[in-house]
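Report on one structure; see the data block that follows.
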(Lines give C-alpha, C1' and ligand atoms only; values in the text may rest on other atoms or scores of the structure.)
Protein backbone atom coordinates (compact mmCIF):
# COMPACT_ATOMS: atom_id res chain seq x y z
CA UNK A 1 0.00 0.00 0.00
CA UNK A 2 1.37 3.36 -0.95
CA UNK A 3 -0.16 6.39 0.72
CA UNK A 4 2.30 8.90 -0.75
CA UNK A 5 0.80 11.96 -2.38
CA UNK A 6 1.09 11.54 -6.16
CA UNK A 7 3.39 13.91 -8.07
CA UNK A 8 0.44 15.16 -10.13
CA UNK A 9 -1.08 16.70 -7.00
CA UNK A 10 2.08 18.68 -6.30
CA UNK A 11 2.27 19.86 -9.88
CA UNK A 12 -1.37 20.94 -9.87
CA UNK A 13 -0.74 22.89 -6.67
CA UNK A 14 2.36 24.50 -8.14
CA UNK A 15 0.43 25.48 -11.26
CA UNK A 16 -2.28 27.07 -9.15
CA UNK A 17 0.37 28.99 -7.18
CA UNK A 18 2.08 30.07 -10.39
CA UNK A 19 -1.14 31.35 -11.95
CA UNK A 20 -2.12 33.14 -8.72
CA UNK A 21 1.30 34.78 -8.69
CA UNK A 22 1.10 35.80 -12.34
CA UNK A 23 -2.37 37.26 -11.84
CA UNK A 24 -1.12 39.12 -8.80
CA UNK A 25 1.67 40.69 -10.86
CA UNK A 26 -0.73 41.73 -13.59
CA UNK A 27 -3.61 42.96 -11.40
CA UNK A 28 -2.05 44.43 -8.26
CA UNK A 29 -1.02 48.08 -8.16
CA UNK A 30 1.15 48.11 -5.02
CA UNK A 31 4.84 47.50 -5.78
CA UNK A 32 5.36 45.36 -2.67
CA UNK A 33 2.37 43.16 -3.47
CA UNK A 34 3.57 42.74 -7.06
CA UNK A 35 6.94 41.77 -5.71
CA UNK A 36 5.36 39.23 -3.33
CA UNK A 37 3.47 37.76 -6.26
CA UNK A 38 6.77 37.30 -8.13
CA UNK A 39 8.12 35.48 -5.09
CA UNK A 40 5.02 33.28 -5.14
CA UNK A 41 5.78 32.37 -8.76
CA UNK A 42 9.37 31.49 -7.86
CA UNK A 43 8.13 29.30 -5.03
CA UNK A 44 5.67 27.61 -7.38
CA UNK A 45 8.64 26.69 -9.56
CA UNK A 46 10.53 25.49 -6.48
CA UNK A 47 7.64 23.24 -5.48
CA UNK A 48 7.53 21.79 -8.99
CA UNK A 49 11.30 21.19 -8.95
CA UNK A 50 11.19 19.40 -5.61
CA UNK A 51 8.21 17.29 -6.63
CA UNK A 52 9.90 16.32 -9.91
CA UNK A 53 13.12 15.51 -8.06
CA UNK A 54 11.17 13.10 -5.83
CA UNK A 55 9.49 11.58 -8.86
CA UNK A 56 12.82 10.95 -10.62
CA UNK A 57 14.48 9.85 -7.42
CA UNK A 58 17.48 12.15 -7.77
CA UNK A 59 18.85 15.32 -6.29
CA UNK A 60 19.33 17.69 -9.25
CA UNK A 61 15.99 19.36 -8.72
CA UNK A 62 16.57 19.85 -5.01
CA UNK A 63 19.95 21.37 -5.76
CA UNK A 64 18.34 23.74 -8.25
CA UNK A 65 15.94 24.89 -5.51
CA UNK A 66 18.83 25.95 -3.29
CA UNK A 67 20.18 28.15 -6.05
CA UNK A 68 16.75 29.61 -6.76
CA UNK A 69 16.33 30.47 -3.08
CA UNK A 70 19.71 32.22 -3.05
CA UNK A 71 18.84 34.20 -6.16
CA UNK A 72 15.44 35.09 -4.69
CA UNK A 73 17.15 36.40 -1.55
CA UNK A 74 19.42 38.62 -3.66
CA UNK A 75 16.38 39.82 -5.55
CA UNK A 76 14.60 40.71 -2.29
CA UNK A 77 17.56 42.78 -1.11
CA UNK A 78 17.67 44.77 -4.34
CA UNK A 79 13.92 45.00 -4.77
CA UNK A 80 13.14 46.32 -1.31
CA UNK A 81 15.94 48.88 -1.60
CA UNK A 82 14.46 50.10 -4.88
CA UNK A 83 11.00 50.32 -3.36
CA UNK A 84 12.39 52.37 -0.45
CA UNK A 85 14.13 54.69 -2.94
CA UNK A 86 10.87 55.19 -4.81
CA UNK A 87 8.96 55.81 -1.60
CA UNK A 88 11.45 58.51 -0.53
CA UNK A 89 10.89 60.33 -3.81
CA UNK A 90 7.17 59.98 -4.23
CA UNK A 91 5.68 59.07 -0.85
CA UNK A 92 3.82 56.29 -2.64
CA UNK A 93 4.59 52.84 -3.99
CA UNK A 94 1.59 52.61 -6.25
CA UNK A 95 2.92 51.77 -9.68
CA UNK A 96 0.24 53.95 -11.30
CA UNK A 97 2.13 56.91 -9.85
CA UNK A 98 5.23 55.96 -11.80
CA UNK A 99 4.68 58.00 -14.92
CA UNK A 100 7.48 60.52 -15.16
CA UNK A 101 8.45 59.13 -18.53
CA UNK A 102 5.92 58.57 -21.26
CA UNK A 103 5.69 58.51 -25.02
CA UNK B 1 32.46 11.20 -17.13
CA UNK B 2 36.06 12.16 -17.79
CA UNK B 3 38.37 12.66 -14.86
CA UNK B 4 38.45 16.18 -13.53
CA UNK B 5 41.53 18.09 -14.61
CA UNK B 6 41.82 21.50 -13.00
CA UNK B 7 44.33 23.05 -15.39
CA UNK B 8 42.43 21.84 -18.41
CA UNK B 9 39.17 23.22 -17.04
CA UNK B 10 40.65 26.59 -16.24
CA UNK B 11 40.43 28.30 -19.68
CA UNK B 12 36.65 27.92 -19.77
CA UNK B 13 36.32 30.15 -16.70
CA UNK B 14 39.51 32.19 -17.11
CA UNK B 15 37.58 35.30 -18.09
CA UNK B 16 35.13 34.85 -15.22
CA UNK B 17 37.98 34.32 -12.73
CA UNK B 18 39.78 37.37 -14.07
CA UNK B 19 36.66 39.46 -13.60
CA UNK B 20 36.17 38.15 -10.06
CA UNK B 21 39.71 39.17 -9.12
CA UNK B 22 39.21 42.54 -10.78
CA UNK B 23 35.98 43.02 -8.79
CA UNK B 24 37.81 42.29 -5.53
CA UNK B 25 40.56 44.76 -6.46
CA UNK B 26 38.02 47.47 -7.27
CA UNK B 27 36.23 46.85 -3.98
CA UNK B 28 39.47 47.29 -2.03
CA UNK B 29 40.50 50.37 -4.01
CA UNK B 30 37.11 51.92 -3.42
CA UNK B 31 37.43 51.32 0.30
CA UNK B 32 41.04 52.41 0.85
CA UNK B 33 42.02 54.97 -1.80
CA UNK B 34 42.00 58.60 -0.65
CA UNK B 35 39.02 60.49 -2.00
CA UNK B 36 40.89 62.56 -4.58
CA UNK B 37 42.28 59.42 -6.22
CA UNK B 38 38.90 57.65 -6.52
CA UNK B 39 38.24 58.76 -10.12
CA UNK B 40 41.19 56.58 -11.15
CA UNK B 41 39.15 53.48 -10.24
CA UNK B 42 37.33 53.82 -13.54
CA UNK B 43 40.60 53.39 -15.43
CA UNK B 44 41.52 50.31 -13.40
CA UNK B 45 38.13 48.80 -14.17
CA UNK B 46 38.20 49.66 -17.87
CA UNK B 47 41.75 48.54 -18.60
CA UNK B 48 41.35 45.51 -16.37
CA UNK B 49 38.36 44.44 -18.45
CA UNK B 50 40.13 45.21 -21.73
CA UNK B 51 42.92 42.95 -20.52
CA UNK B 52 40.52 40.18 -19.44
CA UNK B 53 38.80 40.38 -22.83
CA UNK B 54 41.91 38.82 -24.34
CA UNK B 55 41.85 35.69 -22.16
CA UNK B 56 39.18 33.86 -24.17
CA UNK B 57 41.20 34.68 -27.31
CA UNK B 58 44.55 33.54 -25.90
CA UNK B 59 43.13 30.38 -24.33
CA UNK B 60 40.87 29.54 -27.19
CA UNK B 61 38.57 26.54 -26.85
CA UNK B 62 39.12 23.25 -28.69
CA UNK B 63 37.66 23.39 -32.20
CA UNK B 64 34.75 21.10 -31.37
CA UNK B 65 34.10 22.83 -28.06
CA UNK B 66 34.22 20.98 -24.78
CA UNK B 67 32.20 20.64 -21.60
CA UNK B 68 33.83 21.59 -18.32
CA UNK B 69 33.11 21.76 -14.60
CA UNK B 70 30.86 18.76 -14.29
CA UNK B 71 28.83 19.66 -17.38
CA UNK B 72 28.04 23.17 -16.16
CA UNK B 73 29.93 25.13 -18.81
CA UNK B 74 30.40 24.54 -22.49
CA UNK B 75 33.37 26.39 -23.90
CA UNK B 76 33.28 26.68 -27.68
CA UNK B 77 33.68 29.26 -30.43
CA UNK B 78 30.27 30.80 -29.84
CA UNK B 79 30.94 31.18 -26.11
CA UNK B 80 34.32 32.69 -26.96
CA UNK B 81 33.02 35.31 -29.39
CA UNK B 82 30.17 36.34 -27.07
CA UNK B 83 32.50 36.50 -24.05
CA UNK B 84 34.80 38.89 -25.89
CA UNK B 85 31.78 40.95 -26.92
CA UNK B 86 30.33 41.20 -23.40
CA UNK B 87 33.66 42.05 -21.72
CA UNK B 88 34.53 44.72 -24.30
CA UNK B 89 31.04 46.14 -23.77
CA UNK B 90 31.75 46.31 -20.04
CA UNK B 91 35.15 47.94 -20.57
CA UNK B 92 33.83 50.66 -22.87
CA UNK B 93 30.93 51.27 -20.47
CA UNK B 94 33.39 51.81 -17.61
CA UNK B 95 35.28 54.40 -19.68
CA UNK B 96 32.01 56.01 -20.69
CA UNK B 97 30.97 56.42 -17.04
CA UNK B 98 33.95 58.61 -16.14
CA UNK B 99 32.30 61.96 -16.84
CA UNK B 100 28.61 61.09 -16.72
CA UNK B 101 26.89 63.08 -13.96
CA UNK B 102 25.01 60.01 -12.73
CA UNK B 103 27.98 57.73 -12.35
CA UNK B 104 31.15 59.78 -12.00
CA UNK B 105 33.46 59.28 -9.01
CA UNK B 106 31.53 56.28 -7.78
CA UNK B 107 33.71 53.21 -7.41
CA UNK B 108 30.83 50.87 -6.68
CA UNK B 109 29.42 51.56 -10.14
CA UNK B 110 32.42 49.80 -11.68
CA UNK B 111 32.19 46.95 -9.19
CA UNK B 112 28.57 46.31 -10.15
CA UNK B 113 29.28 46.57 -13.89
CA UNK B 114 32.06 44.00 -13.53
CA UNK B 115 29.77 41.58 -11.69
CA UNK B 116 27.14 41.90 -14.36
CA UNK B 117 29.79 41.29 -17.04
CA UNK B 118 30.90 38.22 -15.09
CA UNK B 119 27.35 36.89 -15.22
CA UNK B 120 27.32 37.48 -18.96
CA UNK B 121 30.55 35.50 -19.40
CA UNK B 122 29.08 32.53 -17.58
CA UNK B 123 25.73 32.83 -19.30
CA UNK B 124 27.07 32.51 -22.84
CA UNK B 125 28.58 29.12 -22.03
CA UNK B 126 25.80 27.80 -19.81
CA UNK B 127 25.26 24.09 -20.37
CA UNK B 128 23.01 23.34 -17.45
CA UNK B 129 19.65 24.75 -16.40
CA UNK B 130 21.01 25.70 -12.98
CA UNK B 131 23.94 27.53 -14.53
CA UNK B 132 21.66 29.22 -17.03
CA UNK B 133 19.30 30.56 -14.38
CA UNK B 134 21.97 31.66 -11.91
CA UNK B 135 24.07 33.35 -14.62
CA UNK B 136 21.04 35.10 -16.08
CA UNK B 137 20.21 36.52 -12.66
CA UNK B 138 23.84 37.50 -12.11
CA UNK B 139 23.54 39.62 -15.25
CA UNK B 140 20.16 41.08 -14.36
CA UNK B 141 20.20 41.85 -10.64
CA UNK B 142 23.22 44.23 -10.82
CA UNK B 143 21.52 46.02 -13.71
CA UNK B 144 18.41 46.69 -11.59
CA UNK B 145 20.68 48.49 -9.13
CA UNK B 146 22.53 50.38 -11.85
CA UNK B 147 19.35 51.58 -13.54
CA UNK B 148 18.41 53.31 -10.28
CA UNK B 149 21.92 54.63 -9.72
CA UNK B 150 21.43 58.36 -10.23
CA UNK B 151 20.01 60.10 -7.16
CA UNK B 152 19.57 63.80 -7.93
CA UNK B 153 17.09 63.70 -10.77
CA UNK B 154 13.70 63.80 -9.09
CA UNK B 155 13.29 60.05 -9.04
CA UNK B 156 13.39 59.29 -12.75
CA UNK B 157 16.30 56.93 -12.33
CA UNK B 158 14.74 55.18 -9.31
CA UNK B 159 11.51 54.83 -11.25
CA UNK B 160 13.28 53.21 -14.18
CA UNK B 161 15.10 50.89 -11.78
CA UNK B 162 11.87 49.75 -10.16
CA UNK B 163 10.18 49.17 -13.51
CA UNK B 164 13.17 47.18 -14.76
CA UNK B 165 13.21 45.18 -11.55
CA UNK B 166 9.50 44.32 -11.56
CA UNK B 167 9.40 43.29 -15.23
CA UNK B 168 12.78 41.55 -15.04
CA UNK B 169 11.99 39.45 -12.01
CA UNK B 170 8.55 38.59 -13.42
CA UNK B 171 10.28 37.36 -16.59
CA UNK B 172 12.80 35.34 -14.57
CA UNK B 173 10.00 33.66 -12.64
CA UNK B 174 8.22 32.73 -15.89
CA UNK B 175 11.46 31.40 -17.36
CA UNK B 176 12.19 29.42 -14.21
CA UNK B 177 8.80 27.73 -14.32
CA UNK B 178 9.48 26.72 -17.92
CA UNK B 179 12.85 25.30 -16.90
CA UNK B 180 11.31 23.38 -14.00
CA UNK B 181 8.81 21.80 -16.40
CA UNK B 182 11.65 20.76 -18.72
CA UNK B 183 13.41 19.19 -15.75
CA UNK B 184 10.22 17.40 -14.85
CA UNK B 185 9.80 15.92 -18.35
CA UNK B 186 13.29 14.45 -18.41
CA UNK B 187 14.85 14.28 -14.94
CA UNK B 188 17.97 16.11 -16.16
CA UNK B 189 19.19 19.64 -15.64
CA UNK B 190 22.13 19.14 -17.97
CA UNK B 191 21.05 20.55 -21.34
CA UNK B 192 22.52 17.89 -23.70
CA UNK B 193 21.29 15.04 -21.47
CA UNK B 194 17.88 16.71 -21.27
CA UNK B 195 17.74 17.09 -25.06
CA UNK B 196 18.78 13.49 -25.59
CA UNK B 197 16.03 12.21 -23.31
CA UNK B 198 13.46 14.34 -25.13
CA UNK B 199 14.55 13.27 -28.62
CA UNK B 200 14.71 9.58 -27.75
CA UNK B 201 11.28 9.81 -26.09
CA UNK B 202 12.65 8.49 -22.82
CA UNK B 203 11.19 11.15 -20.54
CA UNK B 204 7.98 11.27 -18.57
CA UNK B 205 6.29 13.16 -21.38
CA UNK B 206 5.32 10.19 -23.54
CA UNK B 207 3.84 11.62 -26.72
CA UNK B 208 2.03 14.59 -25.22
CA UNK B 209 2.64 17.78 -27.16
CA UNK B 210 0.72 20.26 -24.99
CA UNK B 211 2.95 20.29 -21.87
CA UNK B 212 5.97 20.61 -24.13
CA UNK B 213 4.49 23.63 -25.91
CA UNK B 214 3.63 25.16 -22.53
CA UNK B 215 7.25 24.82 -21.36
CA UNK B 216 8.53 26.21 -24.67
CA UNK B 217 6.15 29.15 -24.47
CA UNK B 218 7.19 29.99 -20.89
CA UNK B 219 10.87 29.88 -21.86
CA UNK B 220 10.35 32.10 -24.92
CA UNK B 221 8.28 34.62 -22.95
CA UNK B 222 11.01 34.73 -20.29
CA UNK B 223 13.77 35.33 -22.82
CA UNK B 224 11.54 37.71 -24.78
CA UNK B 225 11.52 40.09 -21.81
CA UNK B 226 15.30 39.86 -21.46
CA UNK B 227 16.03 40.64 -25.11
CA UNK B 228 13.18 43.21 -25.16
CA UNK B 229 11.22 42.11 -28.20
CA UNK B 230 7.58 43.05 -28.72
CA UNK B 231 5.15 42.26 -27.13
CA UNK B 232 7.39 42.02 -24.05
CA UNK B 233 9.08 45.39 -24.51
CA UNK B 234 7.03 47.69 -22.19
CA UNK B 235 9.90 48.26 -19.82
CA UNK B 236 12.46 49.17 -22.48
CA UNK B 237 11.73 52.84 -23.31
CA UNK B 238 11.28 53.92 -19.68
CA UNK B 239 14.36 52.08 -18.45
CA UNK B 240 16.51 53.40 -21.30
CA UNK B 241 15.36 56.94 -20.73
CA UNK B 242 15.55 57.01 -16.93
CA UNK B 243 18.76 55.07 -16.32
CA UNK B 244 22.14 56.88 -16.41
CA UNK B 245 23.32 56.82 -20.03
CA UNK B 246 26.32 54.46 -19.55
CA UNK B 247 23.96 51.97 -17.89
CA UNK B 248 21.55 52.27 -20.81
CA UNK B 249 24.45 51.48 -23.12
CA UNK B 250 25.38 48.40 -21.11
CA UNK B 251 21.78 47.16 -20.82
CA UNK B 252 21.28 47.58 -24.54
CA UNK B 253 24.39 45.67 -25.59
CA UNK B 254 25.96 43.30 -23.10
CA UNK B 255 22.94 41.83 -21.37
CA UNK B 256 21.14 41.57 -24.68
CA UNK B 257 24.07 39.90 -26.46
CA UNK B 258 24.48 37.34 -23.67
CA UNK B 259 20.74 36.56 -23.69
CA UNK B 260 20.83 36.07 -27.45
CA UNK B 261 23.77 33.68 -27.13
CA UNK B 262 22.00 31.51 -24.61
CA UNK B 263 18.72 31.63 -26.55
CA UNK B 264 20.56 30.32 -29.64
CA UNK B 265 22.16 27.54 -27.65
CA UNK B 266 18.98 26.61 -25.84
CA UNK B 267 16.64 26.48 -28.83
CA UNK B 268 19.13 24.59 -30.97
CA UNK B 269 19.97 22.00 -28.31
CA UNK B 270 16.68 21.44 -26.47
CA UNK B 271 14.19 21.76 -29.31
CA UNK B 272 16.02 20.39 -32.38
CA UNK B 273 14.42 19.56 -35.73
CA UNK B 274 13.83 15.88 -35.01
CA UNK B 275 11.92 16.44 -31.79
CA UNK B 276 8.49 15.36 -33.00
CA UNK B 277 5.55 14.84 -30.63
CA UNK B 278 2.11 13.67 -31.78
CA UNK B 279 3.35 14.05 -35.33
CA UNK B 280 4.07 17.76 -34.83
CA UNK B 281 7.50 19.24 -35.13
CA UNK B 282 8.31 21.36 -32.08
CA UNK B 283 10.84 23.28 -34.14
CA UNK B 284 8.20 24.39 -36.65
CA UNK B 285 6.21 25.75 -33.71
CA UNK B 286 8.97 27.88 -32.22
CA UNK B 287 10.20 29.06 -35.59
CA UNK B 288 6.73 30.30 -36.49
CA UNK B 289 6.38 31.93 -33.09
CA UNK B 290 9.72 33.70 -33.47
CA UNK B 291 8.82 34.84 -36.99
CA UNK B 292 5.68 36.52 -35.62
CA UNK B 293 7.57 38.08 -32.68
CA UNK B 294 10.31 39.27 -35.01
CA UNK B 295 7.90 40.92 -37.47
CA UNK B 296 5.92 42.58 -34.67
CA UNK B 297 8.96 43.94 -32.88
CA UNK B 298 10.69 45.19 -36.05
CA UNK B 299 7.56 47.02 -37.16
CA UNK B 300 6.52 48.31 -33.75
CA UNK B 301 10.03 49.42 -32.82
CA UNK B 302 10.57 51.28 -36.05
CA UNK B 303 7.15 52.93 -36.21
CA UNK B 304 7.28 54.12 -32.59
CA UNK B 305 10.88 55.33 -32.99
CA UNK B 306 9.71 57.70 -35.73
CA UNK B 307 7.83 59.95 -33.31
CA UNK B 308 10.36 60.18 -30.47
CA UNK B 309 11.97 63.48 -29.56
CA UNK B 310 14.25 62.17 -26.77
CA UNK B 311 17.31 60.50 -28.28
CA UNK B 312 17.60 57.81 -25.58
CA UNK B 313 13.95 56.91 -26.06
CA UNK B 314 14.42 56.82 -29.81
CA UNK B 315 17.37 54.46 -29.34
CA UNK B 316 15.23 52.30 -27.03
CA UNK B 317 12.66 51.75 -29.78
CA UNK B 318 15.48 51.29 -32.26
CA UNK B 319 16.92 48.56 -30.02
CA UNK B 320 13.54 46.80 -29.96
CA UNK B 321 13.64 46.82 -33.76
CA UNK B 322 17.26 45.63 -33.78
CA UNK B 323 16.33 42.71 -31.51
CA UNK B 324 13.61 41.92 -34.04
CA UNK B 325 16.21 41.76 -36.84
CA UNK B 326 18.46 39.48 -34.77
CA UNK B 327 15.49 37.14 -34.21
CA UNK B 328 15.37 36.70 -37.99
CA UNK B 329 18.71 34.91 -37.61
CA UNK B 330 17.36 32.72 -34.82
CA UNK B 331 14.32 31.77 -36.87
CA UNK B 332 16.77 30.81 -39.63
CA UNK B 333 18.00 27.98 -37.39
CA UNK B 334 15.32 25.86 -39.06
CA UNK B 335 17.53 25.62 -42.13
CA UNK B 336 19.29 22.32 -42.83
CA UNK B 337 22.52 24.11 -41.98
CA UNK B 338 21.94 26.14 -38.78
CA UNK B 339 25.52 27.45 -38.78
CA UNK B 340 24.41 30.28 -41.08
CA UNK B 341 21.80 31.43 -38.59
CA UNK B 342 24.11 31.14 -35.59
CA UNK B 343 27.01 32.96 -37.22
CA UNK B 344 24.79 35.72 -38.61
CA UNK B 345 23.35 36.40 -35.15
CA UNK B 346 26.85 36.39 -33.61
CA UNK B 347 28.09 38.86 -36.23
CA UNK B 348 25.02 41.01 -35.86
CA UNK B 349 25.34 41.23 -32.09
CA UNK B 350 29.05 42.02 -32.45
CA UNK B 351 28.45 44.93 -34.78
CA UNK B 352 25.38 46.05 -32.80
CA UNK B 353 27.38 46.09 -29.55
CA UNK B 354 29.96 48.47 -30.95
CA UNK B 355 27.53 50.64 -32.91
CA UNK B 356 25.32 51.12 -29.86
CA UNK B 357 28.23 51.82 -27.50
CA UNK B 358 29.46 54.41 -29.98
CA UNK B 359 26.16 56.26 -30.18
CA UNK B 360 25.66 56.15 -26.40
CA UNK B 361 29.17 57.50 -25.76
CA UNK B 362 28.16 60.36 -28.06
CA UNK B 363 24.92 60.83 -26.14
CA UNK B 364 26.81 61.02 -22.81
CA UNK B 365 29.08 63.78 -24.14
CA UNK B 366 26.25 65.68 -25.76
CA UNK B 367 23.90 65.52 -22.79
CA UNK B 368 26.64 66.47 -20.32
CA UNK B 369 27.47 69.52 -22.43
CA UNK B 370 23.92 70.67 -23.15
CA UNK B 371 21.97 69.17 -20.20
CA UNK B 372 19.46 67.98 -22.77
CA UNK B 373 18.61 64.67 -24.37
CA UNK B 374 16.38 66.19 -27.00
CA UNK B 375 17.14 65.38 -30.63
CA UNK B 376 16.37 69.03 -31.56
CA UNK B 377 19.25 70.22 -29.37
CA UNK B 378 21.72 68.21 -31.44
CA UNK B 379 21.37 70.98 -34.05
CA UNK B 380 24.68 72.29 -35.28
CA UNK B 381 26.65 69.57 -33.48
CA UNK B 382 28.94 69.32 -36.49
CA UNK B 383 30.08 72.93 -35.93
CA UNK B 384 30.45 72.39 -32.17
CA UNK B 385 32.43 69.17 -32.34
CA UNK B 386 33.13 67.73 -35.79
CA UNK B 387 34.68 64.49 -34.49
CA UNK B 388 31.76 63.77 -32.17
CA UNK B 389 29.33 64.35 -35.01
CA UNK B 390 31.37 62.10 -37.29
CA UNK B 391 31.48 59.26 -34.72
CA UNK B 392 27.74 59.50 -34.12
CA UNK B 393 27.13 59.51 -37.87
CA UNK B 394 29.17 56.33 -38.28
CA UNK B 395 27.17 54.54 -35.62
CA UNK B 396 23.81 55.80 -36.93
CA UNK B 397 24.72 54.60 -40.43
CA UNK B 398 25.72 51.26 -38.97
CA UNK B 399 22.46 50.91 -37.05
CA UNK B 400 20.57 51.87 -40.21
CA UNK B 401 22.44 49.21 -42.17
CA UNK B 402 24.12 51.59 -44.55
CA UNK B 403 27.50 50.70 -46.15
CA UNK B 404 30.42 51.16 -45.46
CA UNK B 405 29.49 50.74 -41.77
CA UNK B 406 29.22 47.27 -40.24
CA UNK B 407 25.43 47.24 -40.01
CA UNK B 408 25.13 46.63 -43.73
CA UNK B 409 26.88 43.27 -43.57
CA UNK B 410 25.13 42.46 -40.30
CA UNK B 411 21.75 42.74 -41.98
CA UNK B 412 23.05 41.14 -45.16
CA UNK B 413 24.15 37.97 -43.32
CA UNK B 414 20.89 37.81 -41.37
CA UNK B 415 18.67 38.12 -44.42
CA UNK B 416 20.88 35.73 -46.36
CA UNK B 417 20.47 33.14 -43.58
CA UNK B 418 16.70 33.74 -43.65
CA UNK B 419 16.53 33.18 -47.41
CA UNK B 420 18.59 29.98 -47.11
CA UNK B 421 16.12 28.79 -44.47
CA UNK B 422 13.11 29.37 -46.76
CA UNK B 423 11.99 32.44 -44.89
CA UNK B 424 11.95 34.76 -47.90
CA UNK B 425 8.88 36.62 -46.68
CA UNK B 426 10.56 37.39 -43.38
CA UNK B 427 13.66 38.66 -45.17
CA UNK B 428 11.50 40.97 -47.33
CA UNK B 429 9.71 42.37 -44.28
CA UNK B 430 13.12 42.90 -42.68
CA UNK B 431 14.39 44.85 -45.68
CA UNK B 432 11.22 46.99 -45.81
CA UNK B 433 11.59 47.71 -42.11
CA UNK B 434 15.19 48.77 -42.55
CA UNK B 435 14.11 51.37 -45.03
CA UNK B 436 11.57 52.79 -42.55
CA UNK B 437 14.33 52.85 -39.94
CA UNK B 438 16.62 54.69 -42.32
CA UNK B 439 14.35 57.71 -41.98
CA UNK B 440 14.71 58.29 -38.25
CA UNK B 441 18.43 57.59 -38.21
CA UNK B 442 19.02 59.99 -41.10
CA UNK B 443 16.91 62.71 -39.45
CA UNK B 444 19.37 62.74 -36.54
CA UNK B 445 22.31 63.06 -38.96
CA UNK B 446 20.52 65.88 -40.79
CA UNK B 447 19.90 67.72 -37.50
CA UNK B 448 23.58 67.44 -36.58
CA UNK B 449 24.93 68.61 -39.92
CA UNK B 450 22.34 70.93 -41.49
CA UNK B 451 20.15 72.51 -38.80
CA UNK B 452 21.16 75.77 -37.16
CA UNK B 453 21.66 75.55 -33.41
CA UNK B 454 21.38 78.36 -30.86
CA UNK B 455 24.86 78.05 -29.32
CA UNK B 456 26.93 76.82 -32.20
CA UNK B 457 29.91 78.87 -31.13
CA UNK B 458 30.38 76.81 -27.94
CA UNK B 459 32.59 73.87 -28.79
CA UNK B 460 32.04 70.54 -27.03
CA UNK B 461 35.37 69.20 -25.77
CA UNK B 462 35.98 65.46 -25.94
CA UNK B 463 37.83 64.28 -22.80
CA UNK B 464 40.49 61.65 -23.37
CA UNK B 465 38.63 58.50 -22.16
CA UNK B 466 35.75 59.41 -24.45
CA UNK B 467 38.13 59.93 -27.33
CA UNK B 468 39.31 56.35 -26.75
CA UNK B 469 35.78 54.95 -26.64
CA UNK B 470 34.73 56.85 -29.75
CA UNK B 471 37.95 55.92 -31.52
CA UNK B 472 37.94 52.21 -30.69
CA UNK B 473 34.26 51.76 -31.43
CA UNK B 474 34.36 53.73 -34.72
CA UNK B 475 37.37 51.79 -35.94
CA UNK B 476 35.75 48.46 -35.07
CA UNK B 477 32.47 49.44 -36.76
CA UNK B 478 34.25 50.58 -39.91
CA UNK B 479 36.60 47.59 -40.00
CA UNK B 480 33.70 45.17 -39.62
CA UNK B 481 31.97 46.98 -42.45
CA UNK B 482 34.97 46.82 -44.78
CA UNK B 483 36.43 43.43 -43.82
CA UNK B 484 33.63 41.38 -42.30
CA UNK B 485 35.21 38.05 -43.27
CA UNK B 486 37.40 37.67 -40.17
CA UNK B 487 34.58 37.90 -37.68
CA UNK B 488 32.07 35.96 -39.73
CA UNK B 489 34.61 33.14 -40.22
CA UNK B 490 35.25 33.12 -36.49
CA UNK B 491 31.50 32.98 -35.88
CA UNK B 492 31.08 30.22 -38.47
CA UNK B 493 33.72 28.00 -36.88
CA UNK B 494 32.06 28.59 -33.51
CA UNK B 495 28.69 27.75 -35.00
CA UNK B 496 30.08 24.51 -36.38
CA UNK B 497 31.26 23.53 -32.91
CA UNK B 498 27.73 24.13 -31.66
CA UNK B 499 26.34 22.12 -34.54
CA UNK B 500 28.60 19.29 -33.45
CA UNK B 501 26.67 19.06 -30.17
CA UNK B 502 23.36 18.93 -32.00
CA UNK B 503 24.68 16.08 -34.14
CA UNK B 504 25.89 14.22 -31.07
CA UNK B 505 22.47 14.47 -29.51
CA UNK B 506 20.70 13.28 -32.63
CA UNK B 507 23.19 10.48 -33.23
CA UNK B 508 22.70 8.90 -29.84
Being modelled with pLDDT under 85 and buried (at least 19 other Cβ atoms within 10 Å of the Cβ) is the filter here, so list the residues in the range B:462-487 that pass it. B:484, B:487
Selected residue (only one of A:40, A:80 is under 11 Å from the mean Cα position of the chain (by Cα), more than 8 Å from chain B (Cβ to nearest Cβ), in a helix (DSSP H, G or I) and modelled with pLDDT of 90 or more): A:40
Exactly one of these conditions fails for residue B:403: (1) in contact (Cβ under 8 Å) with a residue 60 or more places away in the chain; (2) assigned to a helix (DSSP H, G or I); (3) closer than 19 Å to residue B:345 by Cα. Give me its number. (2)
Of the residues A:86, A:95, which is facing chain B (nearest Cβ under 8 Å) and touching a strand residue (DSSP E or B) at 6+ places or on another chain (Cβ under 8 Å)? A:95
With the condition kept exactly as written, say whether any residue in the range B:406-427 is part of a loop (DSSP other than H, G, I, E, B), under 20 Å from residue B:302 (Cβ atoms) and in contact with a helix residue (DSSP H, G or I) (Cβ under 8 Å, 6 or more places away or on another chain). yes
Residues (under 14 Å from residue B:423 (Cβ atoms) and crowded, with 23+ Cβ neighbours inside 10 Å) located in the range B:327-344: B:327, B:328, B:329, B:330, B:331, B:332, B:333, B:338, B:340, B:341, B:344
Within the range B:130-168, can you find the residues that are surrounded by 24 or more Cβ atoms within 10 Å (Cβ to Cβ), touching a strand residue (DSSP E or B) at 6+ places or on another chain (Cβ under 9 Å) and within 8 Å of another protein chain (Cβ to nearest Cβ)? B:133
If you go through the range B:441-461 one residue at a time, do you hit one that is under 21 Å from the mean Cα position of the chain (by Cα), modelled with pLDDT of 90 or more and assigned to a helix (DSSP H, G or I)? yes
Would you confirm whether or not the range B:68-77 contains a residue that is surrounded by 23 or more Cβ atoms within 10 Å (Cβ to Cβ), touching a residue at least 12 places away in the same chain (Cβ under 8 Å) and in a helix (DSSP H, G or I)? yes
Counting just the residues of the range B:169-204 that are within 12 Å of chain A (Cβ to nearest Cβ) and touching a strand residue (DSSP E or B) at 6+ places or on another chain (Cβ under 8 Å), which one comes out farthest from residue B:71 (Cα to Cα)? B:189
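Rundown of residues vs (1) in contact (Cβ under 8 Å) with a residue 60 or more places away in the chain; (2) more than 7 Å from chain B (Cβ to nearest Cβ); (3) in a helix (DSSP H, G or I); (4) under 22 Å from residue B:189 (Cα atoms), yes/no style:
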position	(1), (2), (3), (4)
A:45	no, no, yes, yes
A:49	no, no, yes, yes
A:58	no, no, no, yes
A:64	no, no, yes, yes
A:67	no, no, yes, yes
A:70	no, yes, yes, yes
A:74	no, no, yes, no
Considering the range B:393-405, residues that are at pLDDT below 90 and within 14 Å of residue B:434 (Cα to Cα), and then whichever is surrounded by the fewest Cβ atoms within 10 Å (Cβ to Cβ), we arrive at B:403
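The values are calculated or read from the model by the stated rules, or taken from the named source; none is laboratory data. Predicted model, so just to flag it, every value in this text is computed and none were measured. Ideal geometry is used to build each Cβ from the backbone, glycine not excepted, and the neighbour counts take in all protein chains shown.
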